[in-house]
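The block underneath contains the structure these notes are about, expressed in structure tokens.
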Amino acid sequence: MLSQQQLEDAVVDARDLPGVQVEGIGVGTKGVGNGVIHAARRTDTNPSVCAPVSAAVDGASRYTPVGSVQRIAGSKGKSAILTLVSYPSADADRVINELRTALKSCKGYSAGPMKATYEDVEATSDPSQGDGGVAFRLKLAMQPGEDDLKLPISVTVIRHGSTLAIYKAAAETPETPANIPDDLVNAQSKVLDAAVHATP
């Protein structure tokens, strides 16, 4: 299980992916750039069957993490929100399994204090990296009922031991796809695999 410091050390950098730029996000516990993930409440999502999907979009789950780091990472105009979350081992498995189950029936939901509406939830091909994972796409309905005002979002969740890496990309306009950079996923996966296997 990776500690908070080990998670921060495991964030991809230019040694792992030449040209990558990594920026802080969120307020966190140590100032700007140490985004902290908290357990998500099922009651914040309607319908509640979509709670694992809603949590994953935010890089979270219903379980309390041991540590977490959130960054914006990418290169050449292609970036994603990168969230690394360390859990007790059994919880990491549960997050993946519950998300996979939710994606079988969740088609859309509203969540958060602003009741943001997400539609067209759809599972995509599982990622090949790590020890298993789930990927999906959905659309943020900026004006529910108007198809031309839906912003595509892609999310990939990959387990590395008891650590989850969550990648989220949002399209800049409704007409463009939301693509998570493959080189970022591959580079970050290698760093996490090495960190996990080096930890007793």
Of all residues in segment 174-191 being within 16 Å of the chain's Cα centre (by Cα) and without any contact (Cβ under 8 Å) to a residue 60 or more places away in the chain, the one that is farthest from SER162 (Cα to Cα): ALA178
Find the residue count for segment 75-85, including only residues that are among the basic types (Lys, Arg) and free of Cβ contacts under 8 Å to residues at least 24 places away in the same chain. 0
The lone exception for ALA194 - which of (1) open to solvent by less than 60 Å² (accessible area, probe 1.4 Å); (2) more than 16 Å from the chain's Cα centre (by Cα) it fails: (1)
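Of everything in segment 23-77, what is assigned to a helix (DSSP H, G or I), hydroxyl-bearing (Ser, Thr, Tyr) and modelled with pLDDT under 90? Give them in sequence order. Talk me through it step by step, then tell me what you get.
Filtering segment 23-77 down to residues assigned to a helix (DSSP H, G or I) leaves 42-44, 48-57.
Okay, now just the ones that are also hydroxyl-bearing (Ser, Thr, Tyr), so 43, 48, 54.
Correct list: THR43 only.
Residues are listed down the side, and each one gets a yes or a no for (1) within 28 Å of GLY67 (Cβ to Cβ); (2) of a type outside the set (S, T, N, Q); (3) open to solvent by 40 Å² or more (accessible area, probe 1.4 Å):
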| residue | (1), (2), (3) |
| --- | --- |
| MET142 | no, yes, yes |
| ALA165 | yes, yes, no |
| LYS168 | yes, yes, yes |
| ALA171 | no, yes, no |
Can you pull out every residue in segment 122-133 that is part of a strand (DSSP E or B), small (Gly, Ala, Ser) and open to solvent by 20 Å² or more (accessible area, probe 1.4 Å)? ALA123
Residue by residue through segment 61-91, note down the ones that are buried (at least 24 other Cβ atoms within 10 Å of the Cβ) and within 24 Å of SER105 (Cα to Cα). SER61
Surrounded by 19 or more Cβ atoms within 10 Å (Cβ to Cβ), touching a residue at least 60 places away in the same chain (Cβ under 8 Å) and of a type in the set (Lys, Arg): does that describe LYS150? no
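This table checks each residue for (1) touching a Lys or Arg at 6+ places or on another chain (Cβ under 8 Å); (2) in a loop (DSSP other than H, G, I, E, B).
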{"site": "ASP93", "(1), (2)": "yes, no"}
{"site": "THR101", "(1), (2)": "no, no"}
{"site": "LYS107", "(1), (2)": "no, yes"}
{"site": "ASP120", "(1), (2)": "yes, no"}
{"site": "ALA135", "(1), (2)": "no, no"}
{"site": "GLN143", "(1), (2)": "no, yes"}
{"site": "VAL155", "(1), (2)": "yes, no"}
{"site": "LYS168", "(1), (2)": "no, no"}
{"site": "GLU172", "(1), (2)": "no, yes"}
Return yes or no: is LYS107 modelled with pLDDT of 95 or more, open to solvent by 50 Å² or more (accessible area, probe 1.4 Å) and of a type outside the set (Phe, Trp, Tyr)? yes
Taking segment 105-145 and keeping only residues that are farther than 18 Å from GLU175 by Cβ and among the polar types (S, T, N, Q), one is left with SER105, SER110, THR117, THR124, SER125, SER128, GLN129
Considering segment 75-91 alone, what residues qualify as being more than 16 Å from VAL57 (Cα to Cα) and in contact with a helix residue (DSSP H, G or I) (Cβ under 6 Å, 6 or more places away or on another chain)? SER86
Under 8 Å by Cβ, and 6 or more places apart or on different chains, what pairs join a residue from segment 113-133 that is within 16 Å of LEU149 (Cβ to Cβ) with one that is assigned to a loop (DSSP other than H, G, I, E, B)? THR117/GLY108; THR117/PRO144; TYR118/GLY108; GLU119/LYS107; GLU119/GLY108; GLU119/PRO144; ASP120/LYS107; ASP120/GLY108
Could you give every pair whose Cβ atoms fall below 7 Å, whose first residue belongs to segment 49-74 and is more than 25 Å from LYS115 (Cβ to Cβ) and among the charged types (D, E, K, R), and whose second residue is assigned to a strand (DSSP E or B) and open to solvent by 10 Å² or more (accessible area, probe 1.4 Å), counting only separations of at least 6 or pairs across chains? ARG71/VAL22; ARG71/GLU23; ARG71/GLY24
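The values are calculated or read from the model by the stated rules, or taken from the named source; none is laboratory data. Keep in mind the model is a prediction, meaning the values are calculated, not measured. Virtual Cβ from ideal backbone geometry, glycine too; neighbours counted across all protein chains shown. Please note that ligands, DNA and RNA were not included when accessible areas were found on the heavy atoms of the full protein model with its side chains. Shrake-Rupley method; radii C 1.70, N 1.55, O 1.52, S 1.80 Å.
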